[in-house]
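The values are calculated or read from the model by the stated rules, or taken from the named source; none is laboratory data. Keep in mind that what you see is a predicted model, and the values were worked out from it rather than measured. Cβ placement follows ideal geometry from the backbone for every residue including glycine, while neighbour counts extend to all protein chains displayed.
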Amino acid sequence: MRRILPRSFYDRPTLRVAHELIGARLVRILDGQRLAGLITETEAYVGETDLGSHARAGRTLRTQVMYGPPGHAYVYFTYGNHWMLNVVCEEENMPAAVLVRAIQPVEGVDVILKRRSGRDTFGPGKLAQALGITGKENGIDLTGRNGQLWIEQGLPVPERLVTKGPRVGLYSVPEPWKSKPWRFLVKGWKLEVGE
DNA sequence: AGCACGATGCTCT
DNA sequence: GAGCATCGTGCTT
């Protein structure tokens, strides 16, 4: 059985966690079945001073999970349709999280494709839909198996295969936050899937 | 294959 | 009441 990423993995600088989550295996137990995908894209949101982060508004009902201990899920709803999965990083009271933006399905692929009506899983709303992740998963601990959602050690992805760039969708966020290269993604969008 | 736009509802001011 | 860490459709090239 693969190692579940421990709390100490998340209790580190957010950029580092965002980078190292590339290639990790996101596991979801849905209706008793195991679904999984390798993470191919992430974004870092770092502290209240990051004006691209929800935490810019300080501690609110929505953002309180980001202020909690690392290794928990921060799931929020946006644009009237979509749930977004984030993982909380850094020490307690430091509001930071990594948005998981895309996965490459590797287990339960047929179920995932069916849930997506054959469409892709590259996009934060799409992967949440594919894995049945909603507000019910907000706040759960990702470092154990109780919440039916966790992250396992995956493929080591060489530095040269990871592209950095500005985060997506921050239209009205002021500089320099708008252009910070805090998005990480697999070059060419595909990982070599091995066992 | 690329762009424009409308859907849709929750969160914060 | 405005704005939103998006997605899918439908129309144009």
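Tabulated data
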read-out: Of all residues making up region A:169-193, the number that are in contact (Cβ under 8 Å) with a residue 40 or more places away in the chain, surrounded by fewer than 13 Cβ atoms within 10 Å (Cβ to Cβ) and under 28 Å from A:GLU48 (Cα atoms); value: 1
read-out: Lone qualifier among A:VAL75, A:VAL98, A:VAL111 - being more than 15 Å from DNA strand B (Cβ to nearest atom) and either crowded, with 23+ Cβ neighbours inside 10 Å or part of a strand (DSSP E or B) (or both); value: A:VAL98
read-out: Scope region A:73-99; condition among the hydrophobic types (A, V, I, L, M, F, W, C) and either away from DNA strand C (no atom under 11 Å from the Cβ) or farther than 17 Å from A:LEU170 by Cβ (or both); matching residues; value: A:ALA73, A:VAL75, A:PHE77, A:TRP83, A:LEU85, A:VAL87, A:VAL88, A:CYS89, A:MET94
read-out: Residue in region A:36-49 that is within 13 Å of the chain's Cα centre (by Cα), closer than 21 Å to A:ALA18 by Cα and among the charged types (D, E, K, R) present; value: yes
read-out: Selection from region A:5-22 of residues that are surrounded by 22 or more Cβ atoms within 10 Å (Cβ to Cβ) and assigned to a loop (DSSP other than H, G, I, E, B); value: A:LEU5, A:LEU21, A:ILE22
read-out: Condition broken by A:GLN104, with the remaining ones in (1) within 18 Å of the chain's Cα centre (by Cα); (2) within 8 Å of DNA strand C (Cβ to nearest atom); (3) not aromatic (Phe, Trp, Tyr) satisfied; value: (2)
read-out: In region A:29-72, the residues that are of a type in the set (Ser, Thr, Tyr), within 9 Å of DNA strand C (Cβ to nearest atom) and either in contact with a strand residue (DSSP E or B) (Cβ under 7 Å, 6 or more places away or on another chain) or assigned to a loop (DSSP other than H, G, I, E, B) (or both); value: A:TYR45, A:SER53
read-out: All positions within region A:122-139 that are part of a loop (DSSP other than H, G, I, E, B) and crowded, with 21+ Cβ neighbours inside 10 Å; value: A:ILE133
read-out: Qualifying positions in region A:164-193 - more than 19 Å from A:VAL46 (Cα to Cα) and not in a loop (DSSP other than H, G, I, E, B); value: A:VAL186, A:LYS187, A:GLY188, A:TRP189
read-out: Candidate set from region A:140-168 (those that are modelled with pLDDT under 95 and surrounded by 19 or more Cβ atoms within 10 Å (Cβ to Cβ)); member that is nearest to the chain's Cα centre (by Cα); value: A:GLY154
read-out: Residue satisfying all of: in region A:23-49; of a type in the set (D, E, K, R) and loosely packed, with under 14 Cβ neighbours inside 10 Å; modelled with the highest pLDDT among these; value: A:ARG34
